[in-house]
Amino acid sequence: MQEEKTVTKEARPGNSKAIVIFKPFGTVANVEVGTLLLDAAQLAGVEVNSPCGAQGRCGRCKVLVEYGEVARRSNPKLSSADESQGYALACQTVIKGDVVLVVPTKEEIQRRPAIETAAEKIALPFVCDWRREPAIQKLYLEIPPPSLADNTNDLDRLKRELAKRLGIKDLVVSLPMLRGLSRTLREADWRVTVVLDMRNWLPGGSIPPRLIGLLPDDETSTNLGLAVDIGTTSVVVYLVDFITGKVVDTASAYNAQVSCGEDVISRIIYSQRRDGLNHLQRLVIKTINDLITELAGHNHIHADDINEVSVAGNTTMTHVFLGLDPKYIREEPYIPTMTVPPRVSAGDLGLAINPNASVYCMPAVGSYVGGDITSGVLSSGLFQTDRLTLFIDVGTNGEMVLGTKDWLITCACSAGPAFEGGGVRHGMRAAAGAIEDIWISPQNYEPTYRVINNISPAGICGSGLIDLLAEMFVTGVIDKAGKIRRELPTPRVRMGDHGPEYIVAWAAETASGNNIVITEADINNLIRAKAAVYAGLSVLCNSVGAKLADVEQILIGGAFGQYINVEKAIQIGLLPDLPWEKFHYLGNTSALGAYTALLCKDMRAAVVDIARKMTYLELSADNSFMNEYTSALFMPHTNLEASLR
Amino acid sequence: MPVTVELPKEKWNGKVREITLGATPAQGGTRTSTVTVGGETTLPFLHFEGSIPHRPALAVEMQDVPPQDWSTTLLEAWDTAASDPVSWAKKAVELGADALAVKLRGTHPERQNRSAAEAAETVKAILGAVGVPLIVYGPEVAEKDNEVLVAVAEAAAGERLALGNCEDKNYRTIVAGALAHGHLVVAKTPIDVNLAKQLNILISDMGLPLDRVLMDPTTGALGYGIEYTYSVMERLRLAALMGDSMTQQPMICTVGEESWRQKESKVKDGVPSLWGDFAGRGPLWEMATAMALLQSGADILVLRHPKTIKTMRETIDKLMSS
């Protein structure tokens, strides 16, 4: 039996109302006539996918109107056949009267078996070896109870004990903490564990530590923190034991905001809807809370024992996480609200941990180089190296940092969603059923491929697309400009409904029973994506008078980075043609940086310093970018002489 | 007191490729004259600095069918000669054409839609009537270009025609035709250094030697984007001289076609009196465009008006003698 939820909304006099029933959930919403279907769904708590941020561009919010009257705005994503069958786009349709809707059940999203989930493999980055010092300290105190002879008040009594034990002169105590103080001390018979946030407390300094917890008895055996990487697509959390300094466990999930837009721009657009920003913030908090619940269950801990959180995310994700309006990030001249976020209490954000725990977000450089990148610079050790180093985080946005311990320059280029399977006919995310490796025979142009989870293929993910492009290039299925050679003696090359195409998997092999193909248009999108990244690298190097060949090491970070095959990426000219031994995969550098900052309190100051030190190169204001970009719209790139040198 | 000033000289490593259009009977064709362009080791007309072994060539543009959209100034100048391709070709050679640029407009599906075989016959007839090399253009509709130019290539095997235009979307068939029958190609790209270079690479990848590739960087006429063309040609030439092999192709500019396109050359009445004499305006426009592009490295100028042909010949004489 489905649970029935009813949501009502205040009606203004004179406005007619309508009842909306969502099948198969049986949820009911009571809304005004003229409400958008998508808003009604949101009101009722029904998730309707809206990857384009309700712009009517993607057609993925299709719902079936089983009964009742609606008004559809005409949209190319909805065919007349769809319309006659009763389908409507939830973001482009308003309610005219009582309706019954059928919401398609969400496609089962399965995660690729993550390579780095084994917690013991997550090493503390070397930068911290010499100074592991978490900010959270727990101390067991046995406080002499008050008497008529010793009538000091409770707070001063606690401070007196702390002064005796730690030499602390003062203590910051919030009003909510203070409210429970007297009772807790007495109920625990004056034997308590204090949880102190020493983040701002410097020995001999003037900023006092903050009291964030008071627990009965000796609870000093556990002391936990949380490092969080909020990606546009997925959220990763590390549960950290402050006593051992190790990662106890990790968990990851899709960022629930994905249903409101797949990239940051769509999210920003969504945030401008009524209640949009709050909704987005609630979704990401819920994603993190669900992961915390999962970790707590698996590891038999209380979420309340998590006493500090360190968060890394791009500038938009950080804004939304904190409930800051990201609107101006998207508009020229692209200015964020702040780059160094303030300390926030977990309780204020709704995180289900110790409500007094501090939440720190990694600082950003600008609107398009965020805390995920400064976090990467921290965890990769780039900020401490003498060698000319290039750090790349490839995703929807390709962010890159070039420099040494003395200087850092950074830029962001919009690669588009091609490497995440977007804008490609049979592209998909790296989930079960995605083709992730491909080889093509140079003799007969027949492909061999590997599918995640070894099932029938449903599409091709980013790493598969890079492979495919490289294989098609080296076997001559496409020329250097990405044009398919139609004269090849293979039935896999043909003129399709969408232009020339190469068939990767015949209908009989696939999950859907349709051919999986790559079209010339897809190839173009991929070439544009790789050209944006390569042009960014070239401009970044040129801007400091260096050649790509001068770079001594290339560090590849980001969630997608670990799946890139360097050989293939060089063949297509996504990465520069340098010896393979110069390339290093670092894994999730964003989460690792958050972890580093969590464990070493000095590293928080260091990362703010890193962010300040990084020079931001605005590619849209750089007149050489377009030239480098056109040059890179070729495989591997136009500057053949340079690559041969 | 007289002071001796030594002019600074740039030392370039690169050289523009030398390319010969047309083949004499000894070379497997039937031409009585051939045209060789390229070979420069310096920027245009800087004779003191490097060598400029060949003068820029003048090709005269003509069509297989009488033009429908040409300015009356042009139609009057060519008069009856333009009614027939053979007479047009002869007249152009009389006026001093080093080569002919034959546009097979009559094969355009929306014009007379003449067949590839008919087009090949026309080319054969012109080859029979004059001794200069030919540059042959299709109707500039990709599918039909392939059909027409392959037929022409076959019919005129060995003549070292230049076949145009090869663009990134349809270069393969035309290049294959040129390869098979001993011709050259014109590689045309839209005013961009990288795209020009990319197309040269693609063509070269098909096995056509680079001494059989002319590049057309796309011409913008005076007042209609000439500065873009000028700058891109200059950059291509600088890259060539600096040793970038894939930019060392001689450049061909369709000056006539572009400078006769706009209102100033076409409209006689109802324009400001400041625009001056209509009959002189079009040729002057064409000359000014040609003159500028000559200075940015043009090796072949494709011209339309008899007066321009004469003036440009005299100008090149002077520029080459200094």
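Residue by residue, here is whether (1) more than 14 Å from every other protein chain (Cβ to nearest Cβ); (2) part of a helix (DSSP H, G or I); (3) over 19 Å from the mean Cα position of the chain (by Cα) holds:
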| position | (1), (2), (3) |
| --- | --- |
| B:LEU222 | yes, no, no |
| B:TYR228 | no, yes, no |
| B:SER231 | no, yes, no |
| B:LEU238 | no, yes, yes |
| B:ARG261 | yes, no, no |
| B:SER265 | yes, yes, yes |
| B:GLY270 | yes, no, yes |
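The set of residues in segment A:62-89 being in a helix (DSSP H, G or I) and surrounded by 12 or more Cβ atoms within 10 Å (Cβ to Cβ) consists of A:ASP82, A:GLU83.
Within segment A:401-439, being hydrophobic (A, V, I, L, M, F, W, C), at pLDDT 90 or above and open to solvent by 10 Å² or more (accessible area, probe 1.4 Å) holds for A:TRP407, A:ILE409, A:ALA412, A:TRP439.
Inspect segment B:119-132 for any residue being more than 19 Å from B:GLU258 (Cα to Cα) and of a type in the set (Ser, Thr, Tyr) and give the result as yes or no.
Our first condition is that a residue be more than 19 Å from B:GLU258 (Cα to Cα); within segment B:119-132, this holds for B:119-132.
Then drop every residue that is not of a type in the set (Ser, Thr, Tyr), which leaves B:122.
For segment B:119-132, residues more than 19 Å from B:GLU258 (Cα to Cα) and of a type in the set (Ser, Thr, Tyr): present.
Selection of segment A:541-578 for residues being under 23 Å from A:TRP439 (Cα atoms) and open to solvent by 60 Å² or more (accessible area, probe 1.4 Å) yields A:GLU567, A:ASP577. If the condition is being facing chain A (nearest Cβ under 10 Å) and charged (D, E, K, R), then segment B:183-193 contributes only B:ASP192. Within the span defined as segment A:154-162, every residue fails to be of a type outside the set (A, V, I, L, M, F, W, C), open to solvent by less than 70 Å² (accessible area, probe 1.4 Å) and modelled with pLDDT under 90. Taken together, the residues in segment A:626-641 that are open to solvent by less than 40 Å² (accessible area, probe 1.4 Å) and modelled with pLDDT under 85 amount to 1.
Close contacts from segment A:449-465, counting a first residue that is touching a residue at least 60 places away in the same chain (Cβ under 8 Å) and a second that is crowded, with 24+ Cβ neighbours inside 10 Å and part of a loop (DSSP other than H, G, I, E, B), with Cβ to Cβ under 8 Å and a gap of 6+ residues or different chains, come to A:ILE452/A:CYS461; A:LEU465/A:VAL424. Considering segment A:232-246, the residues that are under 10 Å from the mean Cα position of the chain (by Cα) and outside any loop (DSSP other than H, G, I, E, B) include one that is surrounded by the fewest Cβ atoms within 10 Å (Cβ to Cβ), namely A:SER234. Scanning segment B:280-302 for residues that are touching an Asp or Glu at 6+ places or on another chain (Cβ under 8 Å) and open to solvent by 30 Å² or more (accessible area, probe 1.4 Å) returns a single hit, B:TRP285. Screening segment B:240-258 for residues that are within 14 Å of chain A (Cβ to nearest Cβ) and assigned to a loop (DSSP other than H, G, I, E, B) and picking the one that is most open to solvent (accessible area, probe 1.4 Å) gives B:MET242.
Which of the strands (runs of 3 or more DSSP E) contained wholly in segment A:2-45 include at least 3 residues that are over 20 Å from A:ARG60 (Cβ atoms) and at pLDDT below 80? Give the derivation first.
Working: elements: A:6-8, A:17-23, A:27-32.
Once the strands (runs of 3 or more DSSP E) in segment A:2-45 are filtered for at least 3 residues that are over 20 Å from A:ARG60 (Cβ atoms) and at pLDDT below 80, what remains is A:6-8.
You will find that of B:ALA196, B:ALA176, B:ALA180, the residue that is surrounded by fewer than 19 Cβ atoms within 10 Å (Cβ to Cβ), of a type in the set (Gly, Ala, Ser) and within 11 Å of another protein chain (Cβ to nearest Cβ) is B:ALA176 and no other. Applying the criterion of being under 21 Å from A:ILE392 (Cβ atoms) and surrounded by fewer than 20 Cβ atoms within 10 Å (Cβ to Cβ) to the residues of segment A:588-625, the residue that is farthest from the other protein chains (Cβ to nearest Cβ) is A:LYS613. If the condition is being farther than 16 Å from A:ILE306 by Cα, out of contact with any Leu (no Cβ under 9 Å at 6 or more places or on another chain) and buried (at least 18 other Cβ atoms within 10 Å of the Cβ), then segment A:338-359 contributes only A:THR339.
Take the conditions under 27 Å from A:SER624 (Cα atoms), assigned by TED's automatic domain parsing to the domain that holds A:ALA621 and either of a type in the set (Lys, Arg) or outside any helix (DSSP H, G or I) (or both) and apply them to A:ILE570. Does it pass? Give the steps one after another, and end with the answer.
Details: under 27 Å from A:SER624 (Cα atoms): yes; assigned by TED's automatic domain parsing to the domain that holds A:ALA621: yes; either of a type in the set (Lys, Arg) or outside any helix (DSSP H, G or I) (or both): no.
Spelling it out, it is not the case that A:ILE570 is under 27 Å from A:SER624 (Cα atoms), assigned by TED's automatic domain parsing to the domain that holds A:ALA621 and either of a type in the set (Lys, Arg) or outside any helix (DSSP H, G or I) (or both).
Considering the conditions (1) buried (at least 19 other Cβ atoms within 10 Å of the Cβ); (2) in contact (Cβ under 8 Å) with a residue 24 or more places away in the chain; (3) touching a Leu at 6+ places or on another chain (Cβ under 9 Å), B:GLY207 is excluded by exactly one of them, (1). Residues of segment B:158-173 that are open to solvent by less than 10 Å² (accessible area, probe 1.4 Å) and either away from chain A (no Cβ under 14 Å) or more than 27 Å from B:ILE226 (Cβ to Cβ) (or both): B:LEU161, B:ALA162, B:LEU163, B:GLY164, B:ASN165. When each of A:ASP229, A:ASP249 is tested for being touching a residue at least 40 places away in the same chain (Cβ under 8 Å), open to solvent by less than 20 Å² (accessible area, probe 1.4 Å) and acidic (Asp, Glu), the lone residue that passes is A:ASP229.
Considering segment A:447-471, and only residues there that are within 27 Å of A:GLY398 (Cα to Cα) and assigned to a loop (DSSP other than H, G, I, E, B), the residue that is nearest to the other protein chains (Cβ to nearest Cβ) turns out to be A:CYS461. What residue, among those in segment A:472-507 that are open to solvent by 20 Å² or more (accessible area, probe 1.4 Å) and assigned to a helix (DSSP H, G or I), is farthest from the other protein chains (Cβ to nearest Cβ)? The qualifying residue farthest from the other protein chains (Cβ to nearest Cβ) is A:ALA507. Tallying residues that are in a loop (DSSP other than H, G, I, E, B) and either more than 14 Å from chain A (Cβ to nearest Cβ) or not hydrophobic (A, V, I, L, M, F, W, C) (or both) within segment B:201-220 yields 6. Out of all the residues in segment B:21-44, is one or more of a type outside the set (A, V, I, L, M), part of a loop (DSSP other than H, G, I, E, B), more than 27 Å from B:ARG212 (Cα to Cα) and open to solvent by 20 Å² or more (accessible area, probe 1.4 Å)? No, there is no match, as no residue in segment B:21-44 is of a type outside the set (A, V, I, L, M), part of a loop (DSSP other than H, G, I, E, B), more than 27 Å from B:ARG212 (Cα to Cα) and open to solvent by 20 Å² or more (accessible area, probe 1.4 Å).
Out of A:LEU277, A:LEU283, I need the residue that is open to solvent by less than 20 Å² (accessible area, probe 1.4 Å) and without any contact (Cβ under 8 Å) to a residue 60 or more places away in the chain. Which one?
Values: A:LEU277 fails: open to solvent by less than 20 Å² (accessible area, probe 1.4 Å).
One residue alone meets the criteria, A:LEU283.
Entry remark, segment B:106-143: residues being farther than 21 Å from B:GLY158 by Cβ, buried (at least 22 other Cβ atoms within 10 Å of the Cβ) and out of contact with any His (no Cβ under 6 Å at 6 or more places or on another chain) number 1 in total.
Within segment A:316-337, being at positive phi and open to solvent by less than 50 Å² (accessible area, probe 1.4 Å) holds for one residue alone: A:GLY323.
The values are calculated or read from the model by the stated rules, or taken from the named source; none is laboratory data. These numbers come from a predicted model, not from an experiment. Here the Cβ is made from the backbone with ideal geometry for all residues, glycine too, and neighbour counts use every protein chain on show. Heads up: the accessible areas ignore ligands, DNA and RNA and are worked out on the full protein's heavy atoms, side chains in. Shrake-Rupley method; radii C 1.70, N 1.55, O 1.52, S 1.80 Å.
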